[in-house]
Amino acid sequence: MYRHFADKDALLDALMLDGFAAWEARVGAIEAEDPLEWLRRLFSAYLDFALADPHRFDAAFLLPARGARKYPEDFLNGRSPAISMIVARIKQAIDTGRFAPVEPLDAALTLAALAQGYVTMQRAGRFGDEAYFRHSFTAACERGLALFKIDPYGAPGGRGAHGAAQHRK
């Protein structure tokens, strides 16, 4: 092992970078013009990555590697191509009036934490079956997106200024 890596930390960093490369390739392959549709596909890609390639997922998101990216500096400085793509889509949603004016990096972190929390719960056996987990994950991600949406009446959070009942009148 030490012929290839200087020490354990170098090995962990290499594993983490391999995991991120696999994740970033998936994010880079997402095609959708609409920013909200792109974010929905991002959640789907995240779920697929976590379940289909769990070792790389763990290396990317859970491994305590020395070179792990730190919030917010590394993300503000563009060290994460995936987060940069997510932030760009969130900015697009804000610029087109689909999301409330929020700090895009903070919104990206909120959505990432939501997805990672659900995946971590599933991987720990907290859901009864995979079908229920997938449904719950998708519903939670939609609720996460709704936190930032502006409805056609201009109110954040997917409800008009006077609540949902006002829209039925």
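The values are calculated or read from the model by the stated rules, or taken from the named source; none is laboratory data. This structure is a prediction, so every number in the text was calculated from the model and none was measured. For neighbour counting, all protein chains shown are included, and Cβ atoms are generated from backbone atoms with ideal geometry for every residue, glycine included. Accessible surface is based on the protein model in full, side chains and every heavy atom, while ligands, DNA and RNA are left aside. Shrake-Rupley method; radii C 1.70, N 1.55, O 1.52, S 1.80 Å.
Figure legend. Inter-residue proximity from the stretch 73-84: first residues closer than 14 Å to Trp23 by Cβ, second residues in a loop (DSSP other than H, G, I, E, B) and not charged (D, E, K, R), beta-carbon distance below 9 Å, spacing 6+ or different chains. Indicated pairs: Ser84/Gly78. Only one of the listed residues (Asp106, Asp48, Asp74, Asp58) is modelled with pLDDT under 95, of a type in the set (Asp, Glu) and in a helix (DSSP H, G or I). That residue is Asp74.
Of everything in the stretch 30-50 that's over 12 Å from the mean Cα position of the chain (by Cα) and in contact (Cβ under 8 Å) with a residue 12 or more places away in the chain, which residue is most open to solvent (accessible area, probe 1.4 Å)?
Applying the first criterion (over 12 Å from the mean Cα position of the chain (by Cα)) to the stretch 30-50 yields 30-37, 48.
Those still in the list that are in contact (Cβ under 8 Å) with a residue 12 or more places away in the chain too: 30, 35-36, 48.
Working: Ile30: 23, Pro35: 7, Leu36: 8, Asp48: 64 Å².
This residue is Asp48.
Of all the residues in the stretch 82-134, those that are at positive phi and open to solvent by 50 Å² or more (accessible area, probe 1.4 Å) number 1. Selection of the stretch 1-29 for residues being over 18 Å from the mean Cα position of the chain (by Cα) and surrounded by 15 or more Cβ atoms within 10 Å (Cβ to Cβ) yields Ala10, Leu11, Leu12, Asp13, Ala14, Leu15. Of all residue pairs spaced 6 or more apart or on separate chains, those with beta-carbon atoms under 7 Å, a first member in the stretch 89-111 that is closer than 20 Å to Ile30 by Cα and a second member that is hydroxyl-bearing (Ser, Thr, Tyr) and open to solvent by 10 Å² or more (accessible area, probe 1.4 Å) are Leu109/Tyr71.
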